[in-house]
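Working notes, beginning with the structure itself.
Values in this text are rule-based calculations from the coordinates and carry no lab data. Not measured: the values here are computed from a predicted model. Every residue, glycine among them, receives a Cβ derived from its backbone with ideal geometry; neighbour counts consider all protein chains shown.
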Amino acid sequence: MTICGVELSGSDAVVCLLSLDRGQFSLPECKVRKLSLPKNHTREDLKQFQKAFSELMTEHGVTSVAIKERMPKGKFAGGAISFKLEAAIQLIADVELDVRLLTPALIKSTLASKPLPIPFSETGLKVFQETAFTAAYVGQMTK
């Protein structure tokens, strides 16, 4: 079963795919590391983002998406565009996706009870994908 971990940051959706098969984790080959929305985007741009995300999920057989939740207000509040990206992902209709938001508290408690099996530095992923990787891992562990 393959899950897509997502970190929404600014106008980018950073993604990381993670598979779990018979207790063994693997990182499926995926050329796409992030999907972006132009700063001055239109409705059409948002639909294009949604279509690209949907196609990526279909291409890799993803059935579950785990998004690291952003705070709606306060020092670490998410921007308006990131909430639009979240809604676009949640409203994908042409692919059956289980989209879940992971709270920082859930991520922290899951990592405390079930630490990552390998250090992130050994995954071969780009540094900016670490949060998406963690979301994918926690998503797999909390199904």
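Looking only at the range 112-143, how many residues end up being within 22 Å of PRO28 (Cβ to Cβ) and in a helix (DSSP H, G or I)?
Summing the residues that are within 22 Å of PRO28 (Cβ to Cβ) and in a helix (DSSP H, G or I) in the range 112-143 gives 18.
Which of the residues belonging to the range 22-40 are part of a strand (DSSP E or B), small (Gly, Ala, Ser) and free of Cβ contacts under 8 Å to residues at least 24 places away in the same chain?
Going residue by residue through the range 22-40, those that are part of a strand (DSSP E or B) are 24-26, 34-36.
Of the ones still in play, those that are also small (Gly, Ala, Ser) are 26, 36.
If the condition is that a residue be part of a strand (DSSP E or B), small (Gly, Ala, Ser) and free of Cβ contacts under 8 Å to residues at least 24 places away in the same chain, then SER26 is the only one that fits.
Suppose we keep only residues that are surrounded by 14 or more Cβ atoms within 10 Å (Cβ to Cβ) and under 19 Å from GLN140 (Cα atoms) within the range 23-32. Which one would you say is farthest from the chain's Cα centre (by Cα)? So that I can check it myself, show each step before the final result.
Initially, the range 23-32 is screened for residues surrounded by 14 or more Cβ atoms within 10 Å (Cβ to Cβ), giving 25, 27, 30, 32.
The next check asks that each one be under 19 Å from GLN140 (Cα atoms); those that pass are 25, 27, 30.
Working: PHE25: 17, LEU27: 14, CYS30: 13 Å.
It comes out as PHE25.
With the structure loaded, tell me whether LYS126 is on the phi < 0 side of the Ramachandran plot, basic (Lys, Arg), in contact (Cβ under 8 Å) with a residue 60 or more places away in the chain and surrounded by fewer than 16 Cβ atoms within 10 Å (Cβ to Cβ) or whether it fails that test. Don't jump to the end; show me each part of the working.
Numbers: on the phi < 0 side of the Ramachandran plot: yes; basic (Lys, Arg): yes; in contact (Cβ under 8 Å) with a residue 60 or more places away in the chain: yes; surrounded by fewer than 16 Cβ atoms within 10 Å (Cβ to Cβ): yes.
Considered against the rule, which asks whether it is on the phi < 0 side of the Ramachandran plot, basic (Lys, Arg), in contact (Cβ under 8 Å) with a residue 60 or more places away in the chain and surrounded by fewer than 16 Cβ atoms within 10 Å (Cβ to Cβ), LYS126 comes out as yes.
Of these, SER82, SER19, which one is in a strand (DSSP E or B) and of a type in the set (Gly, Ala, Ser)? Break it down into steps so the answer makes sense when it comes.
On the way: SER82 fails: in a strand (DSSP E or B).
Within the list SER82, SER19, the selection yields SER19.
Could you check, for the range 41-53, whether at least one of its residues is in contact with a strand residue (DSSP E or B) (Cβ under 7 Å, 6 or more places away or on another chain), in a loop (DSSP other than H, G, I, E, B) and either without any contact (Cβ under 8 Å) to a residue 12 or more places away in the chain or closer than 21 Å to TYR137 by Cα (or both)? It would help to see each step written out before you state the result.
Of the residues in the range 41-53, the ones in contact with a strand residue (DSSP E or B) (Cβ under 7 Å, 6 or more places away or on another chain) are 49, 52-53.
Still in the running and in a loop (DSSP other than H, G, I, E, B): none.
The answer is no; no qualifying residue exists.
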